[in-house]
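Heads up, the thing below is written out as structure tokens.
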Amino acid sequence: MAMSLNKAQLIGNLTRDPEVRQTPNGTTVATFSIATNFTWKDQSGQKQEKAEFHNVVAWGKLAEICGQYLTKGRKVFLEGRIQTRDWEGDDGVKRYKTEIIAENMIMLGGRGDDMGSSNYNQERSQQGLNNNAEEPTQVAAPQEEEMTIDDLPF
């Protein structure tokens, strides 16, 4: 049996506020972009830097949380899987878009942040709080019907 793994981990800053909308069946979806920087020294020893931009899609409760708490410039840790969609444009040309489908998000310290770090993982089923700002606060989603956005402790 062949094994495969599709996991992406990013730490970067939002390039824009998340765009949140509902699908026709009522599921919340949030889309946003994150910039990560890569630095290296060229042959002459000069420091070079390049930004990479990643399209992120979050679904359900995680999308609601991203929409409520994330803003342009905010630093986040994201974990998810890489997915490429394709479609045919109006001009008949096939187009591709590679996205990170978010499964876990941790808000890190940064721009105007006075509430420490917060973590949401859509697969966890326990709820806990950690008041030590050095460690991420973990927030889990119990059964969907039991929790509203107002129940979140951050």
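Quick note: the coordinates plus some simple rules give every number you see, no bench work behind them. Nothing here was measured: the structure is a model prediction, and the numbers come from that model. Quick reminder, even Gly has a Cβ in these numbers, built from the backbone with ideal geometry, and neighbours come from all protein chains shown.
Rounded, prolate or oblate, given the Cα gyration tensor of the stretch 8-116, with a/c below 1.5 counting as rounded? Show your work: numbers first, answer last.
Working: a/c = 2.42, a/b = 1.18, b/c = 2.05.
The shape class here is oblate.
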Inset, instruction - Under 21 Å Cα to Cα from Lys41, which lysines show up? Leave out anything in the same chain fewer than 8 places away. - result: Lys50
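Express the relative contact order of the stretch 8-116 as a whole percentage, based on alpha carbon pairs under 8 Å and six or more residues apart in sequence. Working shown, then result.
Details: 237 pairs, mean separation 30.9, N = 109.
Taking the mean separation of contacting Cα pairs over the length of the stretch 8-116, I get 28 percent.
Using the Cα centre of the stretch 8-116 as the reference point, and only Cβ charges (+1 on K/R, -1 on D/E), how large is the resulting charge dipole? Debye, rounded to the nearest 20.
Values: 15 positive and 15 negative charges, 41 e Å.
Magnitude of the dipole: close to 200 debye.
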Inset, instruction - Would you pull out the residues with amide H under 5 Å of Leu108's amide H, same chain only if 5 or more places away, H placed 1.01 Å from N? - result: Lys75, Val76, Phe77
Inset, instruction - Towards the positive end of the charge dipole of the stretch 1-102, with charges on Cβ (+1 Lys, Arg; -1 Asp, Glu), say which of Pro24, Ile65, Gly45 has the farthest Cα. - result: Gly45
Inset, instruction - May I ask you to order 93-100, 55-62 by the average number of other C-beta atoms within 10 Å around their residues, highest value first? - result: 55-62, 93-100
Inset, instruction - Could you run the Karplus curve 6.51 cos²θ - 1.76 cosθ + 1.60 with θ = phi - 60° over the stretch 53-66 and give me ³J(HN,Hα) per residue in whole Hz, x for Gly and Pro? - result: 10, 10, 7, 10, 10, 10, 10, x, 4, 4, 5, 4, 5, 4
